[in-house]
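Participant: Please see the structure below; I have some questions.
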Amino acid sequence: MSRALVPGSFDPIHNGHLDVIARVATQFDEVIVTVVVNPNKSGLFTVDERVEMLAQATTHLQGVRVATWQGLLVQFASESGATAIVKGLRNAADFDYEVQMAQMNRRLTGVDTVFLGTDPVHSSLSSSLIKEIARLGGDVTTMVPAAVHDRLLARLAEHA
């Protein structure tokens with residue numbers, strides 16, 4: 001059985017993330033979408049809320065489950081039996097950052113990283129940018145799943 005990790009902060013999940021996850025699900029028997037916990041960062045949503053939104057947004061994808069991890073991602077990859085870490089790349093800056101991480105991960109545990117080019121329709125999406133647009137009253141309905149959109153607007157209203 002082939003198993004891959006798709007890691008991220010997913011704060012919140014957006015349609016670019018979903019596109020990558022769906023494409024990975026066609027290539028691997030099992031996909032573990034992994035909310036990577038960084039104790040030095042505070043997100044708009046709690047880790048549990050992100051897990052819930054991810055689970056809801058991926059219910060239609062066979063073989064996809066959601067997990068969390070704090071620490072070295074390659075350790076989780078090894079412990080979970082993943083043969084690959086899959087990362088979506090939007091641009092050259094993403095590649096420059098991710099290739100160094102991929103090389104170090106391979107060196108530490110032998111787990112390979114697979115890069116997927118983002119569908120051009122989603123290449124401008126980032127969770128940070130989506131939050132900023134929504135915070136300033138812009139329309140992000142085409143950028144995130146409907147359930148995420150509602151939660152995003154509610155959370156931003158709480159912080160206003």
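The values are calculated or read from the model by the stated rules, or taken from the named source; none is laboratory data. Nothing here was measured: the structure is a model prediction, and the numbers come from that model. Neighbour counts are summed over all protein chains in view; Cβ atoms, including those assigned to glycine, are modelled from backbone coordinates with ideal geometry. Just so you know, the surface numbers come from the protein's heavy atoms only, side chains and all, with ligands and any DNA or RNA stripped out. Shrake-Rupley method; radii C 1.70, N 1.55, O 1.52, S 1.80 Å.
Participant: Work out how much length GLU132 to ALA22 would gain on full extension: take 0.36 nm times their residue separation and subtract the Cα-Cα distance, in nm to one decimal.
Facilitator: 37.0 nm
Participant: Separate question: Normalized C-alpha radius of gyration of the stretch 81-144, against 2.2 N^0.38 Å? Let's see the in-between values first.
Facilitator: On the way: Rg = 15.1 Å, N = 64, 2.2 N^0.38 = 10.7 Å.
Dividing the Cα radius of gyration by 2.2 N^0.38 Å gives 1.41.
Participant: Sticking with this one: For the stretch 1-37 and the stretch 83-104, compute the distance between their C-alpha centroids and round to whole Å.
Facilitator: 14 Å
Participant: Provide the net charge surrounding GLY117, with neighbours chosen by a C-beta distance below 13 Å and charges set as Lys +1, Arg +1, Asp -1, Glu -1.
Facilitator: -1
Participant: Testing the spin-label approximation: label points 7 Å from Cα along Cα→Cβ at ASN40 and ALA92. State their distance in nm.
Facilitator: For ASN40 paired with ALA92, the spin-label model returns 2.8 nm.
Participant: What list of ³J(HN,Hα) couplings, whole Hz, do you get for the stretch 113-118 from phi and the Karplus terms 6.51, -1.76, 1.60, once you set θ to phi - 60° and write x for glycine and proline?
Facilitator: So the J values, rounded to whole Hz, are 10, 10, 9, 10, x, 5.
Participant: Given the chain, what whole percent of its Cα pairs are spread farther than 26 Å?
Facilitator: The calculated P(r) of the chain puts 24 percent of pairs beyond 26 Å.
Participant: Name the residue, out of ALA67, ALA92, ALA84, whose mean-square fluctuation peaks in a Gaussian network model built on the chain with Cα pairs under 10 Å.
Facilitator: It is ALA92.
Participant: Roll a 1.4 Å probe over the protein chains and send me the accessible area per residue for the stretch 99-160 in Å².
Facilitator: Values: 3840 Å² over 62 residues.
Value returned for the stretch 99-160: 62 Å² of accessible area per residue.
Participant: Same structure again: Of the beta bridges DSSP finds with both residues in the chain, what % are antiparallel, to the nearest 5?
Facilitator: On the way: 0 of 20 bridges.
Bridges in the chain that DSSP calls antiparallel: roughly 0 percent.
Participant: Right, here's the next one. Starting at the first residue of the stretch 75-88, write each ³J(HN,Hα) from the Karplus equation 6.51 cos²θ - 1.76 cosθ + 1.60 with θ = phi - 60°, in whole Hz, x for Gly and Pro.
Facilitator: Each residue's phi maps through the Karplus curve to give 5, 5, 4, 5, 5, 8, x, 6, 9, 7, 10, 10, 10, x Hz.
Participant: State the percentage of accessible surface on the chain attributable to carbon and sulfur atoms; use a 1.4 Å probe and exclude ligands, DNA and RNA.
Facilitator: Heavy-atom surface of the chain belonging to carbon and sulfur, 1.4 Å probe: 52 percent.
Participant: Another question, then. Round to the nearest 0.05 the FRET efficiency obtained for THR109 and ASP139 when R0 = 41 Å and r is the Cβ-Cβ distance.
Facilitator: 0.45
Participant: Tell me, what is the percent relative contact order of the chain, built from C-alpha pairs under 8 Å that lie six or more residues apart?
Facilitator: Once divided by the residue count of the chain, the mean separation gives 28 percent.
Participant: Lys/Arg Cβ at +1, Asp/Glu Cβ at -1, dipole of the stretch 1-109 taken about the Cα centre: which of HIS17, THR59, THR46 is farthest positive-ward?
Facilitator: Going by the charge dipole, the pick is HIS17.
Participant: Under 10 Å, Cα contacts only: if you run a Gaussian network model on the chain, which one of GLU79, GLU52, GLU30 comes out with the highest mean-square fluctuation?
Facilitator: Ranking GLU79, GLU52, GLU30 by mean-square fluctuation puts GLU79 first.
Participant: Just how large is the dipole of the chain about the Cα centre, in debye to the nearest 20, putting +1 at every Lys and Arg Cβ and -1 at every Asp and Glu Cβ?
Facilitator: On the way: 13 positive and 17 negative charges, 42 e Å.
Charge dipole, the chain, about its Cα centre: 200 debye, nearest 20.
Participant: Would you mind checking which residues have amide H under 5 Å from LEU116's amide H? H placed 1.01 Å from N; only 5 or more apart, or other chain.
Facilitator: HN-HN under 5 Å from LEU116: LYS87, GLY88, LEU89.
Participant: If you bin the C-alpha pair distances of the stretch 1-82 every 5 Å from 0, what whole percents do you get?
Facilitator: Values per bin, smallest distances first: 3, 16, 29, 24, 19, 8, 1, 0.
Participant: Further question: Go ahead and set up a Gaussian network model of the chain, Cα springs under 10 Å, then flag whichever of MET53, MET143, MET101 fluctuates most.
Facilitator: MET101
Participant: Ok, one more. Which loop trypsin sites (Lys or Arg not before Pro) in the stretch 1-88, with loop taken from DSSP, have no more than 12 other Cβ atoms within 10 angstrom of their Cβ?
Facilitator: Passing sites in the stretch 1-88 are LYS41.
Participant: ASP150 to ALA67: extension gain in nm, 0.36 nm per residue of separation minus the Cα-Cα distance?
Facilitator: Contour length minus the Cα-Cα distance gives 27.6 nm.
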